[in-house]
Amino acid sequence: LNNTVEQFTESIFSTMTKMAMENKAINLSQGFPDFDGPSWVSDLAVKALKEAKNQYAPSMGVLSLREAIAHNYARFYNYQVNPLSEVVVTNGATEAIFCACLALLNPGDEVVVLEPFYDSYLASIKLSGAKAIPVTLKAPDFHFDIEELKAAISDKTKLLIVNNPHNPTGKVFTAEEIKIIGDLAKKHDFYLLSDEVYEFLTFDVAHKPTATYEDLKERTITISSTGKTFGLTGWKIGWAIGPAALIKAIHNVHQFSTFCVAHPLQVAMAEALMKMDEYLVDFRADYKKKKELLVTGLKELGFNVLSPKGTYFAMALLPEGENDIDYCKKLIVEKKVATIPTSAFYIKSDEGSRMIRFCFAKKDETLLGALENLKH
Ligand code: GLN
């Protein structure tokens, strides 16, 4: 076996969902909704299937989808992207991250990652032969120490990965923080990969793509997907956008990893993206209510919850002396509620062992059921 692959273990999201099922626990662990995505979007997919859009799609992505993606960046963020050369459609954000790492990194390169971070980053970096250099975001507000960030940068730094809004902390980076990161990228000439899959899930703060900050477009790859936004995580429609030369390189990897993305789903998503405004209003309002339901409920039960500004996750700081893995096990077995131990998101600091993550992309009755279980 490949030496790197041999080090990989089962993703924490699979492990916890499996444990939730084995223990018949309410699953607030893996991030996916327990309700279906909008039926008007599924109907569009049925229509595309019937229209026989069932052969290979263009490798870069169906043109109408690339145009819809570009159209949305223009109208939501005043960010102009050329759909012909600056967008590639991938199998979810996960494949975009993987292809971007393989396309940009050489063995020996270094990638600065802000921990806690989504588990696929490390695997993608390692499979590229590069090395992850972690900088720890410090609880409870998950700020980074500027000196620590500067110290993590070397002449081998090729890339920095920022996830905004941030899983698992629910942090939304401030403009000042992104400017600091951007200035360092310009000064030391490295690329930025900005994972923005939760772009539409912010509460009372606006999302601003990293690429729209001054002079960052030319060195930023923006990654997003429709899994969170439409509650259709199983569709796996994502993309990378960025300068044409970088997108060409990312597409070269995509071409030989999967070649293309499910054709009828792309056709449907192209139409859905053009018609999403009304849906977005309800989507945001619903998630805000769910956040409040869970956060308030957990607080009332005595949890030290760190209220999120974005994403569909909330972290809780555990009481002194508790450890995340044991605590999660106890919650699953004794309280029948599954969560995520956050140490899985860290490679340097042991801060993660002091926290657990709850997902609130769940029906109200599921959230209420979990709160009820935790009460006893
Ligand atoms: N991103 C989701 C989470 O954080 C999980 C995705 C996955 O299961 N790979 O829970």
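Which pairs do you get when a residue that is farther than 17 Å from Thr94 by Cα, found in the stretch 5-16, comes within reach of a residue that is loosely packed, with under 11 Cβ neighbours inside 10 Å, reach meaning Cβ atoms under 9 angstrom, with the pair 6+ apart or on two chains?
Within 9 Å, the pairs are Thr15/Thr9.
All but one of (1) touching a Lys or Arg at 6+ places or on another chain (Cβ under 8 Å); (2) more than 16 Å from the ligand (Cβ to nearest atom); (3) farther than 29 Å from Leu193 by Cβ hold for Pro83; state the number of the condition that does not hold.
All conditions are met except number (3).
Being among the small types (Gly, Ala, Ser), assigned to a helix (DSSP H, G or I), out of contact with any Lys or Arg (no Cβ under 9 Å at 6 or more places or on another chain) and surrounded by 17 or more Cβ atoms within 10 Å (Cβ to Cβ) is the requirement here; does Ala74 meet it? Explain how you work it out, then say what you get.
Details: among the small types (Gly, Ala, Ser): yes; assigned to a helix (DSSP H, G or I): yes; out of contact with any Lys or Arg (no Cβ under 9 Å at 6 or more places or on another chain): yes; surrounded by 17 or more Cβ atoms within 10 Å (Cβ to Cβ): no.
Spelling it out, it is not the case that Ala74 is among the small types (Gly, Ala, Ser), assigned to a helix (DSSP H, G or I), out of contact with any Lys or Arg (no Cβ under 9 Å at 6 or more places or on another chain) and surrounded by 17 or more Cβ atoms within 10 Å (Cβ to Cβ).
Among residues belonging to the stretch 339-355 that are under 15 Å from Thr15 (Cα atoms) and more than 11 Å from the ligand (Cβ to nearest atom), point out the one that is surrounded by the fewest Cβ atoms within 10 Å (Cβ to Cβ). Steps first, answer last, please.
Start the filter on the stretch 339-355 by keeping residues that are under 15 Å from Thr15 (Cα atoms), which leaves 339-345.
Filter once more, keeping what is more than 11 Å from the ligand (Cβ to nearest atom): 341, 343.
Working: Pro341: 24, Ser343: 21.
Here the residue is Ser343.
Would it be correct to say that Ala206 is assigned to a helix (DSSP H, G or I) and among the small types (Gly, Ala, Ser)?
On the way: assigned to a helix (DSSP H, G or I): no; among the small types (Gly, Ala, Ser): yes.
No, not satisfied.
Output yes when any residue across the stretch 6-27 is within 16 Å of the ligand (Cβ to nearest atom) and in a strand (DSSP E or B), and no when none is. Let's see the steps before the verdict.
The initial filter retains those residues of the stretch 6-27 that are within 16 Å of the ligand (Cβ to nearest atom), namely 8-21, 25-27.
This time we only want the ones that are in a strand (DSSP E or B), so: 26-27.
Yes, that holds for at least one residue.
Quick one: in the stretch 211-233, which of the residues that are free of Cβ contacts under 8 Å to residues at least 60 places away in the same chain and farther than 18 Å from Val88 by Cβ is nearest to the ligand (Cβ to nearest atom)?
Filtering the stretch 211-233 for residues that are free of Cβ contacts under 8 Å to residues at least 60 places away in the same chain and farther than 18 Å from Val88 by Cβ, the one nearest to the ligand (Cβ to nearest atom) comes out as Thr229.
What number of residues in the stretch 345-376 are within 17 Å of Thr136 (Cβ to Cβ), touching a Lys or Arg at 6+ places or on another chain (Cβ under 9 Å) and part of a loop (DSSP other than H, G, I, E, B)?
Applying the first criterion (within 17 Å of Thr136 (Cβ to Cβ)) to the stretch 345-376 yields 345-355, 357.
From what is left, the residues that are touching a Lys or Arg at 6+ places or on another chain (Cβ under 9 Å) are 345, 349, 351.
With part of a loop (DSSP other than H, G, I, E, B) added as a condition, the list becomes 349.
Result for the stretch 345-376: 1.
Looking at the stretch 21-71, which of its residues are crowded, with 18+ Cβ neighbours inside 10 Å, under 30 Å from Leu368 (Cα atoms) and within 22 Å of the chain's Cα centre (by Cα)?
Asn27, Leu28, Ser29, Gln30, Gly31, Phe32, Pro33, Gly37, Val41
Check Lys186, Lys179, Lys208 and return the single one that is touching a residue at least 40 places away in the same chain (Cβ under 8 Å), surrounded by fewer than 22 Cβ atoms within 10 Å (Cβ to Cβ) and not assigned by TED's automatic domain parsing to the domain that holds Ala361.
Working: Lys186 fails: touching a residue at least 40 places away in the same chain (Cβ under 8 Å); Lys179 fails: touching a residue at least 40 places away in the same chain (Cβ under 8 Å).
Selected residue: Lys208, the only one of Lys186, Lys179, Lys208 that is touching a residue at least 40 places away in the same chain (Cβ under 8 Å), surrounded by fewer than 22 Cβ atoms within 10 Å (Cβ to Cβ) and not assigned by TED's automatic domain parsing to the domain that holds Ala361.
For the stretch 222-262, name all the residues that are assigned to a helix (DSSP H, G or I) and either modelled with pLDDT under 95 or under 13 Å from the mean Cα position of the chain (by Cα) (or both).
At the first step, the residues of the stretch 222-262 found to be assigned to a helix (DSSP H, G or I) are 233-235, 244-257.
Hit for the stretch 222-262 is Thr233, nothing else.
Out of the stretch 274-283, which residues are surrounded by 13 or more Cβ atoms within 10 Å (Cβ to Cβ) and farther than 15 Å from Phe76 by Cα?
If the condition is that a residue be surrounded by 13 or more Cβ atoms within 10 Å (Cβ to Cβ) and farther than 15 Å from Phe76 by Cα, then Phe283 is the only one that fits.
Give the stretch 291-346 a look and list any residue that's within 18 Å of Ala361 (Cβ to Cβ), touching a Phe, Trp or Tyr at 6+ places or on another chain (Cβ under 8 Å) and not aliphatic (A, V, I, L, M), or say none.
Result: Lys291, Pro308, Lys309, Gly310, Thr311, Tyr312, Phe313, Thr339, Phe345.
Please find, within the stretch 111-125, the residue that is nearest to the ligand (Cβ to nearest atom) out of those that are part of a helix (DSSP H, G or I) and touching a strand residue (DSSP E or B) at 6+ places or on another chain (Cβ under 8 Å). Can you show your working first?
Let us first name the residues in the stretch 111-125 that are part of a helix (DSSP H, G or I), namely 120-125.
Add one more test, that the residue is touching a strand residue (DSSP E or B) at 6+ places or on another chain (Cβ under 8 Å), and what stays is 121-122, 125.
Numbers: Tyr121: 11, Leu122: 13, Ile125: 16 Å.
The residue in question is Tyr121.
Quick test of your reading of the structure: Glu148 fulfils all but one of (1) more than 16 Å from the ligand (Cβ to nearest atom); (2) in a loop (DSSP other than H, G, I, E, B). Name the failing condition by number.
(2) is the only condition that Glu148 fails.
The values are calculated or read from the model by the stated rules, or taken from the named source; none is laboratory data. This structure is a prediction, so every number in the text was calculated from the model and none was measured. Note that each Cβ is placed from the backbone with ideal geometry, even for glycine, and that neighbours are counted across all protein chains shown.
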